[in-house]
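**Q** Quick one: the structure is below, questions incoming.
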Amino acid sequence: MIIQKTREEIELMRESALIVSKTLGMIASEIKEGVTTLYLDKLAEEFIRDHGAVPSFLGLYDFPNSLCMSPNAQVVHGIPNNVPLKNGDVISVDCGAFKNGFHGDHAYSFEIGEVAPEVKKLLRVTKESLYVGIREFKAGNRVEDVGNAIQKYTEAHGYGVVRELVGHGVGQKMHEEPEMPNYGKRGRGKLFVEGMVVAIEPMINMGTRNIKQLKDGWTILTADGKPSAHFEHDVALIDGKPELLSTFQYIYKALGIESNEEDEFRQVPLVL
């Protein structure tokens with residue numbers, strides 16, 4: 001069952017989502033060659049708690065940390081460790097925060113130092129596909145309209161779209177209905193309804209769409225060892241149109257990037 005949120009609840013969700021956004025912005029200032037993912041994880045937990053929230057992922061399904069940190073061929077659900085990041089790495093950082101009874105949950109794939117051009121392109125196309133999908137989250141459309149748009153956009157570049165892992169509804173629980181696959185056929189799936197909130201998150205592989213899991217029970221890898229990219233936003237359906245609750249602008253501010261990519265999905269301008 002899709003749980004529709006009131007405007008008041010959506011504003012509470014926006015607050016939770018923006019705590020995640022600020023956490024990822026803080027990470028953007030700290031993530032570099034020689035830093036360990038476990039160090040970044042500890043910084044994130046402290047930051048989330050200092051902002052009156054608790055880390056959503058810590059203990060969720062017994063996950064041991066506050067961030068999922070997945071470098072290179074890891075797709076998602078990587079466990080932070082003491083291995084230093086290297087020049088040329090790319091890494092998905094997925095973060096969640098729980099405040100006022102609601103979760104925020106989104107992710108960004110970062111570049112470490114000088115990244116190969118073909119990997120940069122993978123990250124660019126995957127992030128573009130996120131917005132391609134968000135545009136389809138509107139009144140009258142269905143779940144697989146979003147997935148179909150993401151699939152067509154990324155497969156046109158020769159990339160593999162992960163099937164086994166999907167986006168999801170989000171609210172008082174981290175994972176609510178509906179599941180939001182990054183593939184599908186137009187006109188299929190549950191109808192979008194006013195007040196629903198979803199996490200849309202393309203997980204796109206440079207090579208095969210096939211994946212495997214490490215023995216730790218969490219870490220998902222590409223089956224061919226090629227890099228993967230992952231970007232995620234929280235989006236509400238308001239007045240029949242997609243409204244971003246999360247933002248990458250804190251990341252961009254830290255990295256000195258100018259971008260207006262989110263403007264079309266905000267009824268009210270974002271104030272950092």
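The values are calculated or read from the model by the stated rules, or taken from the named source; none is laboratory data. Given the structure is predicted, the values throughout are model-derived calculations rather than measurements. Here the Cβ is made from the backbone with ideal geometry for all residues, glycine too, and neighbour counts use every protein chain on show. Only protein heavy atoms, including side chains, enter the accessible area calculation; ligands, DNA and RNA are left aside. Shrake-Rupley method; radii C 1.70, N 1.55, O 1.52, S 1.80 Å.
**Q** Please work out how much length the chain gains when fully extended from Val193 to Lys86, using 0.36 nm per residue of separation minus the C-alpha to C-alpha distance, in nm with one decimal.
**A** Length gained, Val193 through Lys86: 34.1 nm.
**Q** Using a 1.4 Å probe, what is the accessible area per residue for region 63-201, in Å²?
**A** For region 63-201, the per-residue accessible area is 37 Å².
**Q** What percent do you get for the relative contact order of region 105-187 when only Cα pairs under 8 Å and 6+ apart count?
**A** After rounding, I find 29 percent.
**Q** Another question about this same structure. Given R₀ = 30 Å, what would the calculated FRET efficiency be for Arg266 paired with Gln4, taking r from the Cβ atoms and rounding to 0.05?
**A** Efficiency computed from Cβ-Cβ geometry: 0.90.
**Q** Mean separation of Cα pairs under 8 Å and 6+ residues apart, divided by the residue count of region 204-257: what relative contact order is that in percent?
**A** 24 percent
**Q** Over region 1-150, calculate the relative contact order: mean separation of alpha carbon pairs under 8 Å at least 6 apart, over the residue count, as a percent.
**A** In percent, rounded to a whole number, it is 23.
**Q** Listed here are the pairs Lys5/Lys190; Lys190/Lys241; Lys42/Lys173; which of them are more than 20 Å apart at the Cα?
**A** Lys42/Lys173
**Q** Further question on the same structure: Tell me, in nm to one decimal, what length is gained between Ala223 and Lys138 on full extension, where the rule is 0.36 nm per residue of separation less the Cα-Cα distance?
**A** Here the segment from Ala223 to Lys138 would lengthen by 27.2 nm.
**Q** Rank these residues by their accessible area, most exposed first, probe 1.4 Å: Tyr250, Tyr108.
**A** Highest to lowest solvent-accessible surface, that is Tyr250, Tyr108.
**Q** Okay, next question. Determine the gain in length on full extension of the stretch Glu155-Glu30; use 0.36 nm per residue of separation and subtract their C-alpha separation, reporting nm with one decimal.
**A** Full extension of this stretch gives 41.7 nm more.
**Q** Taking the chain as a Gaussian network, Cα atoms linked when under 10 Å apart, which of Glu128, Glu114, Glu201 shows the biggest mean-square fluctuation?
**A** Result: Glu114 has the largest fluctuation of those listed.
**Q** With only Lys, Arg, Asp and Glu charged, each at its Cβ (+1 for the first two, -1 for the last two), find how big the charge dipole of the chain is about the Cα centre; round to the nearest 20 debye.
**A** For the chain, the charge dipole is close to 600 debye.
**Q** Here is a further query. Please check: in the Gaussian network model of the chain (C-alpha springs, under 10 Å), which one of Val197, Val83, Val143 has the largest mean-square fluctuation.
**A** Of Val197, Val83, Val143, the most mobile in the Gaussian network model is Val83.
**Q** So, one more: With a Förster radius of 22 Å, plug the Cβ-Cβ distance of Tyr39 and Glu114 into 1/(1 + (r/R0)^6) and report the FRET value to the nearest 0.05.
**A** Computed FRET efficiency for Tyr39 and Glu114 comes out at 0.50.
**Q** Which FRET efficiency value, to the nearest 0.05, is calculated for Asp50 and Lys173 with the Förster distance at 35 angstrom and r the Cβ-Cβ distance?
**A** The calculated FRET efficiency here is 0.90.
**Q** Most fluctuating residue of Ala116, Ala107, Ala236 in a GNM of the chain with Cα springs under 10 Å: which is it?
**A** Highest fluctuation of the listed residues: Ala116.
**Q** Using alpha carbon centroids, what distance separates region 10-26 and region 92-110, in Å?
**A** So the two Cα centres are separated by 7 Å.
**Q** Apply the membrane-span-like helix rule to the chain: whole DSSP H runs, Cα extent along the own long axis of at least 30 Å, mean Kyte-Doolittle hydropathy at least -0.5. List the helices found.
**A** 7-30
**Q** Okay, moving on. Compute the distribution of all C-alpha to C-alpha distances in region 1-100, in bins of 5 Å from 0, and list the percent of pairs in each, rounded to whole numbers.
**A** Each 5 Å bin holds this share of Cα pairs: 3, 13, 23, 22, 17, 12, 7, 3, 2, 0.
**Q** Treat every Asp and Glu Cβ in region 1-147 as -1 and every Lys and Arg Cβ as +1, leave all other atoms uncharged, and give the resulting dipole magnitude about the Cα centre to the nearest 20 debye.
**A** Once rounded to the nearest 20, the dipole reads 300 debye.
**Q** Tabulate in residue order the Karplus-calculated ³J(HN,Hα) for region 244-250, using 6.51 cos²θ - 1.76 cosθ + 1.60 with θ = phi - 60°, rounded to whole Hz; enter x for Gly and Pro.
**A** 5, 9, 9, 8, 9, 5, 5
**Q** If I model a spin label as a point 7 Å beyond the Cα along the Cα-Cβ vector, how far apart are those points for Gln213 and Arg163 in nm?
**A** Those two pseudo-labels are separated by 1.7 nm.
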